[in-house]
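Following: one structure in structure tokens, then a few remarks.
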Amino acid sequence: MKNFEEQLINHTVDAEFRARLEKYETEREVLEATHQNLLGKAKRIADMTKMLNEQIKTLESQRKQRFEGKNLTENEQEENEYAKHQIIGILDTITVMQENEQEVSEACDNILKKIDAAHDKIDGLRDQVTVKPEYN
């Protein structure tokens, strides 16, 4: 009779374990997918930042070639100011993107911590997979 009770307890614990393990493995998969998504976004932000920096160099070079060292007409002065404002706008965009990249990086770090915690829970559940019979 004692053997039957032990088997029943182990069966119940095993079913509970499998359910909890499945839940944590699913959670881990979702977190890993989210992590990959965030890494992709961080790469796109970095690529866009690089492109915008190149655009700034081009605009500044064009502006200098066209306007520096000359007595500018009123129209040329307006164009020069407009070019400067375009460059400032791009720099502002880069600043915002870098802040977003930092947020994405922090989110990735947090997700990695959650993935590690999920792995730890799964490992802990695996350690509890069977109940050791008590002998009185």
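The values are calculated or read from the model by the stated rules, or taken from the named source; none is laboratory data. These numbers come from a predicted model, not from an experiment. Heads up, the Cβs are rebuilt from the backbone with ideal geometry, glycines too, and the neighbour counts pull from every protein chain shown.
Taking interchain pairs and intrachain pairs at least six residues apart, which have beta carbon atoms under 7 angstrom, with the first residue in region 106-120 and surrounded by 12 or more Cβ atoms within 10 Å (Cβ to Cβ) and the second among the charged types (D, E, K, R)?
Note: pairs meeting the criteria are I115/R28; I115/E32; A118/E27; A118/R28; H119/R28.
Which of the residues that make up region 26-80 are outside any helix (DSSP H, G or I) and either farther than 22 Å from I90 by Cβ or polar (S, T, N, Q) (or both)?
Filtering region 26-80 for residues outside any helix (DSSP H, G or I) gives 68-73.
G69, K70, N71, L72, T73, listed by residue number.
Among the candidates Q86, Q77, Q65, single out the residue that is farther than 30 Å from I111 by Cα, out of contact with any His (no Cβ under 9 Å at 6 or more places or on another chain) and either aromatic (F, W, Y) or modelled with pLDDT of 85 or more (or both).
Details: Q77 fails: either aromatic (F, W, Y) or modelled with pLDDT of 85 or more (or both); Q65 fails: either aromatic (F, W, Y) or modelled with pLDDT of 85 or more (or both).
Checking each option against the conditions leaves just Q86.
E101: of a type in the set (D, E) and at pLDDT below 85, yes or no? Reasoning before the result, please.
Details: of a type in the set (D, E): yes; at pLDDT below 85: yes.
Answer is yes for this residue.
Taking into account only those residues within region 39-83 that are of a type in the set (K, R) and within 30 Å of A117 (Cα to Cα), which is surrounded by the most Cβ atoms within 10 Å (Cβ to Cβ)? If you could, list the steps in order and put the result at the bottom.
First, pick out the residues of region 39-83 that are of a type in the set (K, R): 41, 43-44, 50, 57, 63-64, 66, 70.
Next cut, within 30 Å of A117 (Cα to Cα) only: 41, 43-44.
Values: K41: 16, K43: 12, R44: 13.
For region 39-83, the residue satisfying everything is K41.
Please go through region 1-38 and pick out each residue that is modelled with pLDDT of 80 or more, among the aliphatic types (A, V, I, L, M) and surrounded by 15 or more Cβ atoms within 10 Å (Cβ to Cβ).
Applying the first criterion (modelled with pLDDT of 80 or more) to region 1-38 yields 19, 22-38.
Right, trim to among the aliphatic types (A, V, I, L, M) and you get 19, 30-31, 33, 38.
Within region 1-38, L31, L38 meet the criteria.
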